[in-house]
Structures are given as C-alpha cells and as structure tokens.
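The values are calculated or read from the model by the stated rules, or taken from the named source; none is laboratory data. What you are looking at is a predicted structure, and each value in this text was computed from that prediction instead of being measured. Cβ placement follows ideal geometry from the backbone for every residue including glycine, while neighbour counts extend to all protein chains displayed. We work out accessible area using only protein heavy atoms, side chains counted, and drop any ligands, DNA or RNA first. Shrake-Rupley method; radii C 1.70, N 1.55, O 1.52, S 1.80 Å.
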Amino acid sequence: MKQAAIMIDKHFILSDIDERIYGSFVEHLGRCVYEGIYQPGHPAADENGLRQDVAALIRELNVPVTRYPGGNFVSGYKWEDSVGPKAERPSKIDLAWRVVESNQFGLNEFMEWTKTVNTQPMMAINLGTRGLEAAKNIIEYTNLEKGSYYSDLRRQHGVEKPHDIKLWCLGNEMDGPWQEGHKTALEYGRIAEEAGKAMRLVDPTIETVACGSSNLDMPTFAFWEDTVLSQCYDQVDYISTHQYYGNHDDNSQQYLASSDGMDQFIREVIAICDAVKAKRRAKKNINISFDEWNVWYHSNEQDKQIEPWTQHPHQLEDVYNFEDALLVASMMITMLRHADRVKIGCLAQLVNVIAPIMTSDTGVWKQTIFYPFAMISNQGRGHVLHTQIKAPTFESRYGNSSYLDAVVIENEAADQLTIFAVNKDLADDLELTCDLRQYEGYCLDQHVMLHHDDLKAINTEAAPDTVAPVAGKNLTFENGHLSGMLPSQSFHMIQLKKA
Ligand code: AHR
C-alpha cells in the first residue's frame, strides 16, 4: 500500500484562522435571491418572505460573512432602486446576466436576512457604471446614524439604527472585459483609491477589498495586481482573488490537481503584495480575500438556452458530483494552509447558483459540496499548524501534485486537534501515519469520512443522501501515533480531543 505521513509540531503555529475564510456569496443572479433565500408566499417563508428551510441549512453551513449583491451584477447596480417602498421600486434590465431585476429584495432586506442566518455583510459597490458619488452615498445610508440626507432616508425607510457594514468590496472583477465599465489597471487603481478614501472619510472603521485578477489565466494577471496596489495601497486592506475549476476534459485525476493552481495563485499574489509593500516602504500587509471560488462548468451548455430579459431564470445551476466535493475540500485545505495571508474566502455562491444548497417549490436539499464545506467550517476553528506532508505524487499541469492534501488545526479553547485530509488517489488507498506524541492525554474523538465509489454520484431532491458523510474506520491512535488507511478518493475529518 502507498505510504503517507503528516508531520506537525505543536509550537510551529502558522496563524490564527480568521473565521471569515468560511464566507459565502449571494448575488442577484438566477435563483440565488428569488426562489432561493427569498420567496414570499412559500409555505416555509416567514412574514418577510425569507425561506426558513433554506436559512436552517445556511446556519448548518456556518457562514460568518456573505458577499452581496454581486458579482458581475454589481457593475450595473443602482442601490437606490433597491430601497424604499417596494411598490415604487423600478424593474431594471441587468446587462451582466441579461435578465430583468425587480428590486423587490434589496439592501435592507439583505441586512434583515443576515441576522436570521448569523452572517456579517460584505457589501460590494458599483465601480463599473458608477463611481465616487454613489460610493459615498451608500455608506452614508448604511453607516451614519442620522442628520444627513441619506442616513435620514434610511430612517424614513423604517431602519432606525445604522447597518454599520464593516467590509466593502471596491467593485467586482474590473479586469474582466465582460464587466460593465471594465477598466485598465491604472484606471481602476485610481478609482479604487478615491472610492476607498471617500468611504473611509464617512466611516474610518471600515475595511476595503480591491479587485484583483478574475482568475490566474487572465492575460493581465500580476501586472494588474502590481499596478492597482501601487495606486491604492493605503486605502485598501485586501486584494481579491477569484477562481473556478471544471473537469472539462473528463480527466478526474488531473481535475483534482486543480487546488495546486489555487495554491500557486495565492503564493504569487502574496509575492506581489509584498513587492509593492517593499517599493512603498509600507508598514501594513495587504492580505487576500479569496471572495469567489468553487467548481463551475456543469451548467455552461444549458445556460446558453436562457431567454433574455426574463426574471430569475434557472441559471448557473450546476449539479455537483462526488469528485467536485473532493476538490472543494482540497480548495478549502489550500486556503487554510495560507491562513496567515488568506483572511476572507467566499464560496460562490450560496443557494441555487453554483451552490451547496438547492431549492424547489417543494423542498431544499444539500449538494455534495455542502458536506466538506460544513465539516471544515464548523470544525476548522482555532489556529493552523505548519503541516508537512510526505506522500506519493503524480504529474499534473502544475508539476508534481501530491496524492494527499492535508492541514492540521488546533483549537486550544476546545482542547481539540483536527486533521482535514483528502486522498486524491483514484486507484490506491493510502497508509497514513502521524506522530502526535506532543498531544499527551488526547484520544481519537471523531473520524468522519466522505467517500463514494462513483466519482459522478450526485444528490437530488428525490435522492438527497446519495453522497453524505459516514463514520470513518481503520484509524487508530495509540501511544501518540495516529495510523491507518485512507481509502482511495476520500475526504476525512479526524479529530482528537483531550480526554
Ligand atoms: O459567481 C458568478 C460570477 O463569476 C460572478 O458574478 C462574477 O464575479 C464571476 O465572474
């Protein structure tokens, strides 16, 4: 059997985990908002039209921050259309997705929803078709108490206390030619600097995220980050990264290596942030907000059939299979292995649209990717230990890829040590060892595994539990040594606890 080892030292702490690394994303796109989180008249909806069956699953995922309202949608967004009496809100065309937006769910409804699912807002502003004026007005509306036009307007709209939104994205994917109001790096760097400055003048306690590259393969990648940060360094705290993967040529082993691309992306963006820091003799670090990541490709063909200018059509409704769940686990492990610099992560998206949660008029169900996200989000709290891996490798487009992905997390407050591990080997089991003698008095408390013989297995409304976690077996913890077998194509949560 192939051998693998995980090596840690309890004193070699990489970083505390910022819980916002387990964030998600709600965009006005397809059925994410309408028929997703919001469906007035549905039997499971509350008096505000918020679907409580969906909210319950979101709470299970445990999502500390949610990005809103886009995405590409935000580059044409007029926030003023989304507030005030619903009967007076205009229906507008949205060029990003070529649909009609009714504005029946808007800024204040979103803020109400955040409370029901225990999440914090991460609000994006429109730097595509709009600019400084709209940026300073929206934060006056959301964050000032009273006594000015927009803060009083919010009060007239029935919201007495400010929303106090702390985290702001300065536009979305402004490097992308598909974006309304697409900009060059220099144009964007300047407007991000001025918008960040104006918004901080209104509320100096906020944090801001500048747009980085839309993916690692963008022709402007690296030049973009360098130019943008050289302009707006002092006005921003994070730079965004976005990345989606797909098994386009049906080669599952290669597909599972994709998280190595994410790792490369993170390492290269950190290098650029630090180079700009050095050039500017700056004191602060710019950290990474990986605010869109997921698998996205299953729905590409069906989305070409969508009739334009309809309202919330079925769009980007990827049905995820078991191998997608393995890659999602690996992507989360990759971000955690960079927890010293990746502070925010947003699984794109939350409901119906490339999402872990699906809805119909009759129910809700969990897609395969729900499980690794929920397991890691709920149990992956504390600090990350430097995690060394010794495992066999395979050749991929990223070089030598390890069959084993793993990260070890210590939660001192709960006296817990948690290992998340993926065996990406599609043919062979891995014989795992891990020397944990430093954790005297600990015992093996939980071992939960996600495994299926069929990489293409899916969950549906009729068969929602085809892919679901089961109790792990074949692991022992004796005399401080963890050992046992990780079956081929499997994800594991292994937790030790002080007895
Ligand atoms: O999440 C779907 C889309 O992907 C977002 O709107 C956009 O930012 C990205 O290209």
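Tabulated data
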item: Distant-in-sequence amide H partners of residue 38 (H built 1.01 Å from N, under 5 Å); result: 51
item: When the convex hull of its Cα atoms is projected in every direction, mean area for the range 363-468 (nm²); result: 9.1
item: Environment charge at residue 363 (Cβ cut-off 9 Å; Lys +1, Arg +1, Asp -1, Glu -1); result: -3
item: Listed residue pairs exceeding 31 Å between alpha carbons, taken from 197/304; 10/284; 166/283; result: 197/304
item: Radius, Kirkwood style, for the range 1-126 when every pair of distinct Cα atoms is counted (Å); result: 16.5
item: Heavy-atom surface of the chain, accessible at 1.4 Å and reported per residue (Å²); result: 38
item: Alpha carbon Rg of the chain, scaled by the compact-globule rule 2.2 N^0.38 Å; result: 0.97
item: Calculated from backbone phi, Karplus (6.51, -1.76, 1.60) coupling profile of the range 385-396 in Hz, x at Gly/Pro; result: 8, 3, 10, 8, 10, 10, 7, x, 10, 9, 7, 9
item: Cα-based reach from residue 183 at 12 Å (exclusive), listing aspartates and glutamates while leaving out same-chain residues under 8 positions away; result: 173, 175
item: Kyte-Doolittle mean at least -1.0 and Cα axial length at least 20 Å: DSSP H helices in the chain; result: 185-202, 258-279, 322-336
item: Highest average packing first - 462-473, 90-101, Cβ atoms within 10 Å; result: 90-101, 462-473
item: Debye log10 I(q)/I(0) for the range 293-429, one point scatterer per Cα, at q = 0.10, 0.22 Å⁻¹; result: -0.43, -1.37
item: Relative contact order for the range 225-354, counting Cα pairs under 8 Å that sit 6 or more residues apart, in percent; result: 33
item: Percent RCO, i.e. relative contact order, over the chain, from Cα pairs under 8 Å lying at least 6 residues apart; result: 19
item: Expected 222 nm ellipticity per residue - DSSP helices of 4 or more, -39500 (n - 2.57), all of the chain, to 500; result: -7500 deg cm²/dmol
item: Scattering curve values for the range 368-414, log₁₀ I(q)/I(0), Debye with Cα scatterers, q = 0.14, 0.19, 0.31 Å⁻¹; result: -0.52, -0.81, -1.03
item: Where trypsin sites (Lys or Arg not before Pro) fall in DSSP loop in the range 179-281, at most 10 other Cβ within 10 Å; result: 281
item: Interchain or long-range residues, amide H under 5 Å from residue 169's placed H; result: 123, 124, 125, 209
item: Exposure of residue 144 as accessible area (Å², to 10), given a probe of 1.4 Å and all protein chains; result: 60
